Amino acid sequence: MNYYIITGASRGIGQALTRKLIVPGNTLFAVSRTLNEDLIELASSLNVPLFYFEADLSIREEAENFIKSVFTKIKLAEFDRIALINNAGMLEPVSPIKSIDFALAEKHLHLNLLTPMILSSVFLTETAGLDIPKVILNISSGASFNAYSGWSVYCSSKAGLDMFTQVAGLEQNAELQPTKVFALAPGIIETGMQELIRTTDESLFPERDKFIRLYEEGKLSNPEDIAYIILNTIFNYDIVTGSVVTIDQLKEIMYTLGFPKM
């Protein structure tokens with residue numbers, strides 16, 4: 001049995017990942033603020049176990065309750081491999097630093113940074129000592145290493161997630177049965193976040209037109225393609241624990257496995 005835990009499953013990459021994983025042999029644990037009924041119906045029609053949680057992971061208690069509830073349903077002696085995909089995230093607040101909405105920034109940092117820490121901590125504790133393929137994938141962003149005016153909170157939270165990934169990698173390399181932990185900058189993808197970027201006031205985000213041009217020129221990836229690449233490489237041994245990789249690097253790994261070029 002393969003277990004996958006996916007946050008932010010209602011749309012975007014999270015939805016695409018969950019949809020592709022609804023196949024026999026998998027048990028899924030999905031979470032988002034609102035239920036994705038289409039995914040629930042699909043899993044039911046194919047008789048694939050999907051435990052869908054409705055929770056606001058920006059609230060610490062709800063994040064803790066979610067991941068602890070997941071492990072009450074997992075029978076540790078019966079599975080072949082397990083993965084936690086920390087995908088949930090938000091872009092707001094978008095504004096100059098001098099006018100940051102502090103309440104929204106706190107919510108943002110809880111969701112984008114603290115929640116992956118909480119979920120990863122419980123995951124590592126619950127799977128410690130198991131000699132099976134174990135992976136934590138943190139969905140990061142190119143904004144973690146490229147500064148954008150108006151994105152001080154987003155750039156900071158993603159840079160923090162990358163560093164958390166690197167520290168987790170150091171710690172896991174000292175374990176006898178380590179978990180592979182890595183972060184992925186998936187590129188610019190046509191999701192709800194991109195829609196928000198394109199409609200943001202230019203005074204708050206001066207580089208808005210760049211993203212509008214990329215959309216108009218058809219240069220945005222679609223979530224299904226990104227999910228396909230992730231799921232064909234996530235357990236690959238060539239990915240270094242603690243590393244921060246790009247989607248192009250995952251593509252190269254996939255091509256070495258014999259998959260056709262995209």
Original post:
Yes or no: K75 of a type outside the set (A, V, I, L, M), modelled with pLDDT of 95 or more, surrounded by fewer than 18 Cβ atoms within 10 Å (Cβ to Cβ) and out of contact with any Leu (no Cβ under 9 Å at 6 or more places or on another chain)?
Top reply: no
Original post:
Regarding K98, is this residue of a type outside the set (D, E), more than 19 Å from E64 (Cα to Cα) and either more than 20 Å from the chain's Cα centre (by Cα) or assigned to a loop (DSSP other than H, G, I, E, B) (or both)?
Top reply: yes
**OP:** Can you tell me which residue within region 45-64, out of those that are surrounded by 14 or more Cβ atoms within 10 Å (Cβ to Cβ) and assigned to a helix (DSSP H, G or I), is nearest to the chain's Cα centre (by Cα)?
**Re:** A63
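Here are some residues: G150, G129. Which one is at pLDDT 95 or above, of a type outside the set (A, V, I, L, M, F, W, C) and part of a loop (DSSP other than H, G, I, E, B)?
On the way: G129 fails: at pLDDT 95 or above.
Checking each option against the conditions leaves just G150.
The values are calculated or read from the model by the stated rules, or taken from the named source; none is laboratory data. Worth saying up front: this structure is predicted, and the values here are computed from it rather than measured. Cβ atoms come from the backbone with ideal geometry, glycine included; neighbour counts cover every protein chain shown.
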